[in-house]
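*Asks:* Below is one structure. I have some questions about it.
The values are calculated or read from the model by the stated rules, or taken from the named source; none is laboratory data. Because the structure is predicted, anything quoted here is derived from the model rather than measured. When we count neighbours, we look across all protein chains shown, and the Cβ atoms used for this are built from the backbone with ideal geometry, even at glycine.
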Amino acid sequence: MYGLSRKVGAALARLALCAAILPGAAQAAYPDRPVRVIVPFAAGGGADIVARLVFKGVGEQLGKAFIIDNRGGAGGIVGADAVAKAEPDGYTLLLGQSGPNAINPSVFSKLPYDARKDFAPITQLTRYPYVIAVKKQLPVDNLKALIDLAKRKPGTLTVSTAGQGSSAHLAIELFMRQAGISINPVPYKGAGPALLDVVSGVVDMTFGDAASASKQAQAGNVKALAVTGARRSPLLPDVPTVAEAGVPGYEASAWHGVLAPRGTPAPIVHTLQQAIAKVLADPALRARLAQDGIETVGSSPEEFNRALLAEIDKWHQVVVDAHIKLE
């Protein structure tokens, strides 16, 4: 009996050891099949380009394909909701952006997902500012002169936006609030048409992406007065930030990040964050994104979560003050 008990005890010990080892082995095997990355915007846009550049490198790091799945619609809501409702197994990820993850919770009266609770932040990839560009006929050559003109003629200047409730629109509303001025926003279907109507003189100004606005400024088609980020843009090194040019404390940048469904195991989140960090450290990738005025960031899940919650709070106040609401 004693010998039998020893054999049974040894067998149970081996089973317990296997039980302890197997979960770690399963997690260490991630990923063991292709991973889907949902981009909540159409192919060819900025978010799509960032996703393809980054996840090509991540796939090479981890040895499996990361497949880009473009699911545009409703300002990014369709794609974000698909990830929020996906299995939290690491095989469905979201290329997050300011709009779907930080602005939509306040702009839309109802969302099918909770931006604060339904995602597991992995890392912030990028940030990118806007350029305040005015038509060349406007009699101002710096931001202070623009603000003075807007104060002398309140409500007469026009500013094109990439769409009602877009990141650029809210950057404009924040600027008006902090500068103490009133300008009429004119919504367009995208940043491209919004900038072109400044070039043609139809509207007075826009908050455009740095790549497009810098080209138009260098061609003499618009005047670039300021950059909305915390630092000057390498594309326009002589153009001051809004804070430098006379609105202290102003900063507005859009961003991209990677998120997974809530409940995704921490070891998987860690694996992804570490792989992405290596990709973002690549000088060639950083140089490629810099061509579009995009700065690489990289952050821990905890840092990204704090930044995301701060962004939600920041833009919520702007939305409330500007009385913006979409259905």
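*Asks:* Keeping to region 203-230, report how many residues are free of Cβ contacts under 8 Å to residues at least 12 places away in the same chain and over 20 Å from Gly46 (Cα atoms). Steps first, please.
*Replies:* First, the residues of region 203-230 that are free of Cβ contacts under 8 Å to residues at least 12 places away in the same chain: 215, 218-219.
When the remaining residues are screened for being over 20 Å from Gly46 (Cα atoms), the result is 218-219.
Result for region 203-230: 2.
*Asks:* Name the single residue that is modelled with the lowest pLDDT among those in region 189-210 being assigned to a helix (DSSP H, G or I) and over 16 Å from the mean Cα position of the chain (by Cα). Spell out how you get there, then give the answer.
*Replies:* Initial filter on region 189-210 (assigned to a helix (DSSP H, G or I)): 191-199, 210.
Next cut, over 16 Å from the mean Cα position of the chain (by Cα) only: 192-199.
On the way: Gly192: 92, Pro193: 95, Ala194: 96, Leu195: 97, Leu196: 97, Asp197: 97, Val198: 98, Val199: 98.
For region 189-210, the residue satisfying everything is Gly192.
*Asks:* I've got another one for you. Quick check on Lys278: is it assigned by the TED database to the domain that holds Pro139 and either crowded, with 20+ Cβ neighbours inside 10 Å or not acidic (Asp, Glu) (or both)? Break it down stepwise before answering.
*Replies:* Values: assigned by the TED database to the domain that holds Pro139: no; either crowded, with 20+ Cβ neighbours inside 10 Å or not acidic (Asp, Glu) (or both): yes.
Taking the combined requirement at face value, the residue does not satisfy it.
*Asks:* Additional query: Evaluate region 136-154: report whether one residue or more is touching a helix residue (DSSP H, G or I) at 6+ places or on another chain (Cβ under 8 Å), more than 30 Å from Gly76 (Cα to Cα) and either without any contact (Cβ under 8 Å) to a residue 12 or more places away in the chain or surrounded by 24 or more Cβ atoms within 10 Å (Cβ to Cβ) (or both). Spell out the reasoning first.
*Replies:* Step one: filter region 136-154 for residues touching a helix residue (DSSP H, G or I) at 6+ places or on another chain (Cβ under 8 Å), giving 138-140, 147, 150.
With the extra rule that they be more than 30 Å from Gly76 (Cα to Cα), the set shrinks to 138-140, 147, 150.
Next, only the ones that are either without any contact (Cβ under 8 Å) to a residue 12 or more places away in the chain or surrounded by 24 or more Cβ atoms within 10 Å (Cβ to Cβ) (or both) stay: 139.
Checked region 136-154: at least one residue is touching a helix residue (DSSP H, G or I) at 6+ places or on another chain (Cβ under 8 Å), more than 30 Å from Gly76 (Cα to Cα) and either without any contact (Cβ under 8 Å) to a residue 12 or more places away in the chain or surrounded by 24 or more Cβ atoms within 10 Å (Cβ to Cβ) (or both).
*Asks:* Surrounded by fewer than 18 Cβ atoms within 10 Å (Cβ to Cβ) and within 22 Å of Val318 (Cα to Cα), is that true of Lys85?
*Replies:* Numbers: surrounded by fewer than 18 Cβ atoms within 10 Å (Cβ to Cβ): yes; within 22 Å of Val318 (Cα to Cα): no.
In short, no.
*Asks:* Considering only residues that are in a loop (DSSP other than H, G, I, E, B) and under 20 Å from the mean Cα position of the chain (by Cα), look in region 231-257 and name the one that is farthest from Ala47 (Cα to Cα).
*Replies:* Step one: filter region 231-257 for residues in a loop (DSSP other than H, G, I, E, B), giving 231-240, 242-252.
Those left that are additionally under 20 Å from the mean Cα position of the chain (by Cα): 231-235, 250-252.
Working: Arg231: 22, Arg232: 22, Ser233: 19, Pro234: 20, Leu235: 19, Tyr250: 25, Glu251: 21, Ala252: 18 Å.
Filtering first and then ranking leaves Tyr250.
*Asks:* Mind checking whether some residue in region 205-216 is surrounded by fewer than 16 Cβ atoms within 10 Å (Cβ to Cβ) and not charged (D, E, K, R)? If you could, list the steps in order and put the result at the bottom.
*Replies:* So in region 205-216, the residues surrounded by fewer than 16 Cβ atoms within 10 Å (Cβ to Cβ) come out as 215.
Filter once more, keeping what is not charged (D, E, K, R): none.
No, that holds for no residue.
*Asks:* When the residues of region 288-308 are filtered to those that are of a type in the set (Gly, Ala, Ser) and touching a residue at least 60 places away in the same chain (Cβ under 8 Å), which remaining residue is farthest from Ala51 (Cα to Cα)? Walk me through how you get there before you give the answer.
*Replies:* So the first thing to find is which residues in region 288-308 are of a type in the set (Gly, Ala, Ser), and the list is 290, 293, 298-300, 307.
Those left that are additionally touching a residue at least 60 places away in the same chain (Cβ under 8 Å): 293, 298-300, 307.
Numbers: Gly293: 16, Gly298: 14, Ser299: 16, Ser300: 18, Ala307: 20 Å.
The extreme case among them is Ala307.
*Asks:* Moving to a separate point now. Out of Ala226, Ala230, which single residue is within 16 Å of Gly293 (Cβ to Cβ), buried (at least 17 other Cβ atoms within 10 Å of the Cβ) and at pLDDT 95 or above?
*Replies:* Values: Ala230 fails: buried (at least 17 other Cβ atoms within 10 Å of the Cβ).
Residue meeting the stated conditions: Ala226.
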